[in-house]
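Student: Here it is: the structure, laid out below.
Bear in mind that the values in this text are calculations on the coordinates, not laboratory data. Because the structure is predicted, anything quoted here is derived from the model rather than measured. Quick reminder, even Gly has a Cβ in these numbers, built from the backbone with ideal geometry, and neighbours come from all protein chains shown.
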Amino acid sequence: MQSRTALVTGGAQGLGLAIGGRLVSDGFDVVLADVDGEAVLEAADLIGATGVRMDVTDDAAVASVFAELPDGQLDVLVNNAGIISRQPASEFDSVQWDREMAVNLGGAMRCSRAAFEMLTASANPSVLNLASVGSTFGLPQRLGYSTTKAGVLGLTRTLAAEWGPHGIRVNAIAPGYVETQMMRSGFATGALDESRLLDRTPLGRFGTADEIAAAASFLASADASFVTGIVLKVDGGITIDGSFHARPHPAGSLSRTDPI
Ligand SMILES: NC(=O)c1ccc[n+]([C@@H]2O[C@H](COP(=O)([O-])OP(=O)(O)OC[C@H]3O[C@@H](n4cnc5c(N)ncnc54)[C@H](O)[C@@H]3O)[C@@H](O)[C@H]2O)c1
């Protein structure tokens, strides 16, 4: 079987690491790239991948990492690196705004651009972009994050339309609330209310990183060969919940009385 290479940005931990691990199991040679150079080497060791330091906001760093991929081969690019801040929109810090645009949106553009030539030579090339519930909802206190994640959908659709004729599929995965450091930081600061989130999720639980990785595995596979430009929501139904009143929970432990 011909070798296939996947590069996952932000692969040192969380969803990127889980996606990288799943793609290794699927038979890909995986490169994890992360701004945290030490952590990414350890993470790569854990899953049998190659680790490399790369800041997705840095044009030169991105160009040089892509130029050095073994055999100049790339079949799958996963634009996963992401950051978030929580602050009132009326006081939004300009430096942080620029940083969130540069990582969450600019990083996906920069890496996709650098990947294009190599992808055109692949038998089943695809790009996966990490969207969010913030791509669907307006998330108060997360103006930069929600704006970039809405933008990720525009980037996904535009690349899918432009690169379809080259055979390159471009899709987004929109995870719901998944147990990672990013979500735990929301509980720690009080920005997220655990029981409220669970109550408005029809499946009544948080997701796991492996469930997001399974979606990435499908979209990267030949089984998804006619799938492009979509947003695959892996969110337990949180973004389709129309129950604006208290919902009896089967366990009886959760209820919501305040309409939103
Ligand atoms: N965890 C969730 O519940 C959730 C939900 C929806 C969407 N997402 C999205 O999934 C992606 C991964 O989320 P996560 O929860 O694993 O986050 P995380 O914070 O656990 O990991 C993000 C990784 O990105 C890296 N990174 C940050 N800036 C970078 C840069 N400039 N260049 C390269 N790497 C950089 C970090 O070092 C870190 O390893 C993000 O895009 C996030 O927005 C996560």
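Student: Can you tell me the dipole magnitude for region 59-188 around its Cα centre, using point charges on the Cβ only (Lys, Arg +1; Asp, Glu -1), in Debye to the nearest 20?
Tutor: In total the dipole reaches around 400 debye.
Student: Follow-up question, since we're still on this one. If all Cα-Cα distances of region 1-118 are sorted into 10 Å bins from 0 onward, what percent lands in each bin, rounded to whole numbers?
Tutor: 15, 45, 29, 9, 2, 0
Student: Please work out the FRET efficiency for the pair residue 38 and residue 101, using the Cβ-Cβ distance as r and a Förster radius of 22 Å; give the result to the nearest 0.05.
Tutor: The value I calculate is 0.25.
Student: Right, next: At what distance in nm do the modelled label points of residue 92 and residue 188 sit from each other, each positioned 7 Å from its Cα along Cα→Cβ?
Tutor: My value for the distance between the label points is 2.4 nm.
Student: With each pseudo-label sitting 7 Å past Cα toward Cβ, what's the residue 166-residue 58 distance in nm, one decimal?
Tutor: Calculated label separation equals 2.5 nm.
Student: Can you tell me the length gained on complete extension of the stretch residue 179 to residue 67, counting 0.36 nm per residue apart and subtracting the Cα distance?
Tutor: Taking residue 179 through residue 67 to full extension adds about 36.9 nm, to one decimal.
Student: How do 20-29, 112-121, 235-244 rank on mean C-beta neighbours within 10 Å, highest first?
Tutor: My ranking of the peptides, most packed first, is 20-29, 112-121, 235-244.
Student: If the only charges are +1 at each Lys and Arg Cβ and -1 at each Asp and Glu Cβ, what is the size of the charge dipole of the chain around the Cα centre, to the nearest 20 debye?
Tutor: 860 debye
Student: Something else: Rounded to two decimals, what is Rg over Rh for the chain when you use alpha-carbon atoms and the Kirkwood radius?
Tutor: 0.98
Student: For region 55-173, report the convex hull volume of the alpha-carbon atoms normalised per residue, in Å³, without decimals.
Tutor: Spelled out: Cα convex hull of region 55-173, divided by residues, is 88 Å³.
Student: Using packing as a proxy for protection, rank 125-138, 217-230 so that the peptide with the highest average count of other Cβ atoms within 10 Å comes first.
Tutor: The peptides rank, most packed first, as 125-138, 217-230.
Student: Continuing with this model, one more query. Run the simple label-point estimate for residue 124 and residue 208 please: 7 Å along Cα→C-beta, distance reported in nm.
Tutor: The modelled label-to-label distance comes out at 2.4 nm.
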